[in-house]
Amino acid sequence: QTGPVIDMPVPASFNDITQDPSLENYIGWVWYEKEVLLPLRWLQGDPAPRVVLRFGSAHYYSIVWVNGVQVVEHEGGHLPFEADISSVLQGSSSALCRITLALNNTLSPHTLPPGSIQYMTDKARYPRNYFVQDIKFDFFNYAGIHRPVVLYTTPAAYIDDITVTTTSSDTVAMVQYQVSVLGSTASSLSLSLRDREGKVVATGDGPVGELKVLNPNLWWPYLMHENPGYLYSLEVQLQAQVGGVLLEDVYTLPLGIRTVHVTSTQFLINGRPFYFHGVNKHEDADIRGKGLDWPLIVKDFNLLRWLGANSFRTSHYPYAEEIMDLCDAYGIVVIDESPGVGIKLPESFGNKSLQHHLAVMEELVRRDKNRPSVVMWSVANEPASELPPAAHYFKTVIAHTKALDPSRPVTFVTDANYALDHGAPYVDVICVNSYFSWYHDPGHLEVIPLQLTAQFENWYKTYQKPIIQSEYGADSVPGLHSDPPLMFSEEYQQALLRQYHAVFDKKRKEYVIGELIWNFADFMTNQGTTRVLGNKKGIFTRQRQPKAAAFVLRDRYWKLANESSCLPPVITSHSLFL
């Protein structure tokens, strides 16, 4: 023990839990420890079950011990990792399981996201050994165990992974599947696809194959169909011989049948043009920071549906699996983004950074590849893509992502000049962030029509690819009013949105395929002279109360939905957790 021991809830960021200002901005190692009693049946049997310890995510570098034995190391937050701890527990005379986690939130030029430690050596101005964590992204660097920690078991032979892809026409769909089994060389697999009522609509066997579904219910986005988010259940059953014992493992995968296709001017879902009218979000809230919080998650989805939003981007990192589950179920379309934010320094484009980025994309694709809500991967946000090394870097990351998953388009989100961007040649969809009359020409709303039109036309003329306005917006302090509109007032945020919308309405008839407001809700950032308790570009406050801009956006999104002859679904409350 090298420091004070305090109680810390999990899941939660540790930063805002106490009254200690040094913990708020702490950089370095923290230790978590918990003892649990395992059911004795987990430790018995021949063969004994596999016992697995799984972390939904921990920020950022993790080393885990069980009963004093190191079982796993993992680099990076926002994604799950696990360890088979069976060998540690076998032969134990006690069902006691002591789980210890050492966690370090330091960011370097080669982590994702990157950062750097700045040592302040001027002894006249700073205490001895004084340093700060420098980051190039605009959200607070929360740390801790942010998602659930679980212990689970499987048989000694088990279903390790499932991959599904779907194709469809009006009358028939094909579900291609691949199942990997570990722990046995003598096994058989049977598969059953059930509809929402539990009726079996297709069956198959073996590790690789294809299921044929007649008259399929396709997975449609919210507001694009009267029955959005239709999910089948793919039940995979394994029977395997291990040491003369017959073992059985069963896994049920929610499955949506849908296709995605990109043309030079359109984004097609199930062959129909899809227009993204949605938001960018953050995993961020009072007290819990980035910790998983079910009431907040359900509130956010209710606000999204009230707003008429059909999509969001997981800015700027993969979101919790629980959030993604609801996207699948509700028909909310997702641009699934890696933690590649703040890639600004030349050394962050080197081979060490590249190899880690490739590994992160492997983890992300493995986690989310079967989700119908995920229609596109985003490998980064606002990198310094004007730097020459960005060409090789993004060519490699995008090619690797496409090799992992050929079924989805890949992008990254740029704020670089169209003529200087070295990564844009490799994306399938151009995603552009711009803040005209905010960060550029602040206060001058009249420049937006000219500058935004030129932005779209320059990008399209150069690449002939469809374009999403992936960020735009303005800060507004709730309750601050000004007429004529002045910056930071609710009226200015409204006026800026309307100026952007007028240009969107012209260009969406051509090649603009979406608009994502920055941001869904106010969120915490590092302290700074332009940040008053965080970023105030939300259309909702951090406590999820609407600002005036929320009503502007709601009117627009429902009109866009109605233009597409979409029927609003019947929303009924139901229990998610029984």
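The values are calculated or read from the model by the stated rules, or taken from the named source; none is laboratory data. Just so you know, these numbers come straight off a predicted model, no measurement behind them. Cβ placement follows ideal geometry from the backbone for every residue including glycine, while neighbour counts extend to all protein chains displayed. Surface accessibility is based on the protein's heavy atoms, side chains included, excluding ligands, DNA and RNA. Shrake-Rupley method; radii C 1.70, N 1.55, O 1.52, S 1.80 Å.
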Calculate I(q)/I(0) for segment 158-255 by the Debye formula, one identical point scatterer on each C-alpha and no solvent, and give its log10 at q = 0.10, 0.14, 0.19, 0.22 Å⁻¹ to two decimals.
-0.31, -0.55, -0.89, -1.10
Per-residue accessible area, 1.4 Å probe, largest first, puts W377, W294, W31 in the order W31, W294, W377
Using modelled amide H (1.01 Å from N, peptide plane; none on Pro or chain starts), what sits under 5 Å from the amide H of Y230, excluding residues fewer than 5 places away?
W220
Do the sum for the chain: with -39,500 (n - 2.57) for every DSSP H run of n ≥ 4, divided by all residues, what is the mean residue ellipticity at 222 nm, to the nearest 500 deg cm²/dmol?
-6500 deg cm²/dmol
Under 15 Å Cα to Cα from K34, which aspartates and glutamates show up? Leave out anything in the same chain fewer than 8 places away.
D7
Please report the accessible area of H392 (heavy atoms, 1.4 Å probe, ligands and nucleic acids excluded) in Å², nearest 10.
120
Fraction of beta bridges assigned by DSSP in the chain that are antiparallel (%, nearest 5)
75
Please work out the Cα center distance from segment 433-474 to segment 542-559, rounded to the nearest Å.
21
Could you calculate the FRET efficiency of R498 with T265 from 1/(1 + (r/R0)^6), where r is the beta carbon distance between them and R0 is 25 Å, rounded to 0.05?
0.50
On the accessible surface of segment 363-469, probed at 1.4 Å, how many percent belong to carbon and sulfur atoms?
58
Note to self: C-alpha centroids of segment 112-183 and segment 497-513 sit apart, in Å, by 34
Please work out how much length the chain gains when fully extended from L533 to H356, using 0.36 nm per residue of separation minus the C-alpha to C-alpha distance, in nm with one decimal.
60.5 nm
Which entry in [x] 224; [y] 192; [z] 169 matches volume of the Cα convex hull per residue in Å³ derived from the coordinates of this structure?
[z]
Simple spin-label estimate for S233 and Q545 in nanometres, 7 Å along Cα-Cβ
4.2
About its Cα centre, how strong a charge dipole does the chain have in debye, to the nearest 20, once Lys and Arg get +1 and Asp and Glu get -1 at the Cβ?
520
Over the chain, with the other protein chains present, what is the accessible area per residue in square angstrom, probe 1.4 angstrom?
43
Report the accessible area of M487, computed with a 1.4 Å probe over the heavy atoms of all protein chains in place, in Å² rounded to the nearest 10.
60
Rank by packing, highest mean first: peptides 431-438, 229-236, 398-405, with packing defined as the count of other Cβ atoms within 10 Å averaged across residues.
431-438, 229-236, 398-405
Only helices at least 15 Å long along their own axis, judged from Cα atoms, and with Kyte-Doolittle mean hydropathy of 0.0 or greater: name those in the chain from DSSP H.
294-307, 390-404
Please report the carbon-and-sulfur percent of the accessible area for segment 21-153; probe 1.4 Å, protein heavy atoms only, DNA, RNA and ligands left out.
51
Once both label points are put 7 Å beyond Cα along the C-beta direction, the K199-S180 separation in nm becomes 3.6
Over what distance in Å are the Cα centres of segment 9-45 and segment 193-231 separated?
40
Looks like segment 21-153, by Cα gyration tensor root eigenvalues a ≥ b ≥ c and the a/c under 1.5 rounded cutoff (else prolate when a/b is bigger than b/c, oblate otherwise), is prolate
What do you reckon, how do W219, W306 stack up by accessible area (1.4 Å probe), largest on top?
W306, W219
Sorted by accessible area (1.4 Å probe), largest first, how do E362, E33 line up?
E33, E362
